[in-house]
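Colleague: This is the structure I want to talk about, given as structure tokens.
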């Protein structure tokens, strides 16, 4: 596509749409627009720096003041979607770099010219190509900021637990405990003094908060005084839990990253299959790309990212949840650093008469940081209290 004056006029019109700007507004700069349009872009981006957008009437007045003809793109035109805007931004960054490089050549500054051009790619916003995660990993100290899962035997399976830059996945059948496990992991991180962002795309914020209180107090319906006591402990530890409820398919991975605070230690996405995804050739590629981005967030921010995935029907007949049972796209498992699998047989669901606990069969489907144990670990789970503790005997 040629990023001509008409395209830029349409972009300026789009910049009055708050939802659209939430996806790409932070990538744009006034200098990316032609000189006649730059004053309009400057005003629009100045408003966006305060997370505001101009109304359509204000936009027309702004254009009139600067002698610009306002564009009016048709709704839903795919060429103005997020991917196309990023191509525009890359084009402008590269053009600026080459223009600067040519001026340096004219000044006989050849080495600086080469550096100006070669470094422009580092300024490109989020690539839509699969990044080589092994190269990014070399930038991180090995196994930093490891956070326990709260279950010592599972930590042993996971070489101590996920660390900074890791993407960890819990895989199990529908209703098999993904959300309960993610809340449990988040709660233990908070109790260790970590700051956790919990994005829920399935349950409501209130439901997650109820599970969080149960996991923090280890009680299904904790008395108010008990919760106050635990809350004070969390406050002293400097831990925090930020729960954000989002409707399925309305938030992209890039929007998730943009909404993260600067001091977040862990991101929980419950769960990634419900994030907005680009339309590609097949579901395998669409879901795989989401996981690619989650991995990139973990590496760029040096945080831990946990999410969940369904297991397919074959897992019902299996002894343990292996990687081949992951639903939708095997690329999920290929990108992830650690994958846990949960399975419950009918006999495991019989609650203990005294404690109400059930048996859960846990296996390691993948562990990039150590041996992938072939063993099945039996642990106790109390679904009502959202706790995973203890070791069971078969």
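The values are calculated or read from the model by the stated rules, or taken from the named source; none is laboratory data. Remember, it's a predicted structure, so these values are computed and weren't measured experimentally. Neighbour counts run over all protein chains shown; Cβ positions are idealised from the backbone, glycine included.
Colleague: Does residue 297 qualify as being surrounded by fewer than 17 Cβ atoms within 10 Å (Cβ to Cβ) and either touching a residue at least 12 places away in the same chain (Cβ under 8 Å) or outside the structural domain of residue 176 (by TED's automatic domain parsing) (or both)? Even if it seems obvious, please write down each step before you answer.
Modeller: Values: surrounded by fewer than 17 Cβ atoms within 10 Å (Cβ to Cβ): no; either touching a residue at least 12 places away in the same chain (Cβ under 8 Å) or outside the structural domain of residue 176 (by TED's automatic domain parsing) (or both): yes.
For residue 297, the condition - surrounded by fewer than 17 Cβ atoms within 10 Å (Cβ to Cβ) and either touching a residue at least 12 places away in the same chain (Cβ under 8 Å) or outside the structural domain of residue 176 (by TED's automatic domain parsing) (or both) - is not met.
Colleague: Within segment 311-323, is even one residue modelled with pLDDT of 90 or more and surrounded by 16 or more Cβ atoms within 10 Å (Cβ to Cβ)?
Modeller: Keep residues of segment 311-323 that are modelled with pLDDT of 90 or more, which gives 311.
Going one step further and asking which of them are surrounded by 16 or more Cβ atoms within 10 Å (Cβ to Cβ), we end up with 311.
Looking for residues that are modelled with pLDDT of 90 or more and surrounded by 16 or more Cβ atoms within 10 Å (Cβ to Cβ), one finds at least one in segment 311-323, hence yes.
Colleague: Among 350, 317, 302, 371, which is the only one that is without any contact (Cβ under 8 Å) to a residue 12 or more places away in the chain, assigned by TED's automatic domain parsing to the domain that holds residue 200 and out of contact with any strand residue (DSSP E or B) (no Cβ under 9 Å at 6 or more places or on another chain)? Walk me through how you get there before you give the answer.
Modeller: Values: 350 fails: out of contact with any strand residue (DSSP E or B) (no Cβ under 9 Å at 6 or more places or on another chain); 302 fails: without any contact (Cβ under 8 Å) to a residue 12 or more places away in the chain; 371 fails: out of contact with any strand residue (DSSP E or B) (no Cβ under 9 Å at 6 or more places or on another chain).
Result of the check over 350, 317, 302, 371: 317.
Colleague: Just wondering, is there one or more residues in segment 73-81 that are outside any loop (DSSP other than H, G, I, E, B), touching a helix residue (DSSP H, G or I) at 6+ places or on another chain (Cβ under 9 Å) and either surrounded by 14 or more Cβ atoms within 10 Å (Cβ to Cβ) or modelled with pLDDT of 80 or more (or both)?
Modeller: Checking segment 73-81: at least one residue is outside any loop (DSSP other than H, G, I, E, B), touching a helix residue (DSSP H, G or I) at 6+ places or on another chain (Cβ under 9 Å) and either surrounded by 14 or more Cβ atoms within 10 Å (Cβ to Cβ) or modelled with pLDDT of 80 or more (or both).
Colleague: Moving on to the next point. Only residues in segment 267-285 that are in contact (Cβ under 8 Å) with a residue 12 or more places away in the chain count as the first member; pair them with residues that are crowded, with 23+ Cβ neighbours inside 10 Å and in a loop (DSSP other than H, G, I, E, B), Cβ under 9 angstrom, at least 6 apart or cross-chain, and list the lot.
Modeller: Within 9 Å, the pairs are 267/303; 269/275.
Colleague: Do the conditions hold for residue 333, that is, is it in contact with a strand residue (DSSP E or B) (Cβ under 6 Å, 6 or more places away or on another chain), touching a residue at least 12 places away in the same chain (Cβ under 8 Å) and outside any helix (DSSP H, G or I)?
Modeller: no
Colleague: Filter segment 181-206 for residues that are within 24 Å of residue 249 (Cβ to Cβ) and crowded, with 22+ Cβ neighbours inside 10 Å and give the result.
Modeller: Of everything in segment 181-206, those that are within 24 Å of residue 249 (Cβ to Cβ) and crowded, with 22+ Cβ neighbours inside 10 Å turn out to be 181, 182, 183, 186, 196, 197, 198, 199, 200.
Colleague: If you don't mind, there's one more thing I want to ask. Identify all residues within segment 195-205 that are in contact with a helix residue (DSSP H, G or I) (Cβ under 9 Å, 6 or more places away or on another chain) and assigned to a loop (DSSP other than H, G, I, E, B); write none if there are none.
Modeller: If the condition is that a residue be in contact with a helix residue (DSSP H, G or I) (Cβ under 9 Å, 6 or more places away or on another chain) and assigned to a loop (DSSP other than H, G, I, E, B), then 201, 202, 203 are the ones that fit.
Colleague: Please specify each residue of segment 211-230 satisfying the condition of being part of a helix (DSSP H, G or I), in contact with a strand residue (DSSP E or B) (Cβ under 7 Å, 6 or more places away or on another chain) and over 24 Å from residue 248 (Cα atoms).
Modeller: Of everything in segment 211-230, just one residue is part of a helix (DSSP H, G or I), in contact with a strand residue (DSSP E or B) (Cβ under 7 Å, 6 or more places away or on another chain) and over 24 Å from residue 248 (Cα atoms), namely 215.
Matching residues to (1) over 16 Å from residue 269 (Cα atoms); (2) free of Cβ contacts under 8 Å to residues at least 12 places away in the same chain; (3) outside the structural domain of residue 258 (by TED's automatic domain parsing):
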| residue | (1), (2), (3) |
| --- | --- |
| 175 | yes, yes, no |
| 180 | no, no, no |
| 187 | no, no, no |
| 191 | yes, no, no |
| 201 | no, no, no |
| 209 | no, no, no |
| 216 | yes, no, no |
| 219 | yes, no, no |
| 223 | yes, yes, no |
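Colleague: Let me ask something else about it. Looking at (1) assigned to a helix (DSSP H, G or I); (2) at pLDDT 95 or above; (3) touching a helix residue (DSSP H, G or I) at 6+ places or on another chain (Cβ under 6 Å), which one does residue 208 not meet, given that it meets all the others?
Modeller: The number of the failed condition is (3).
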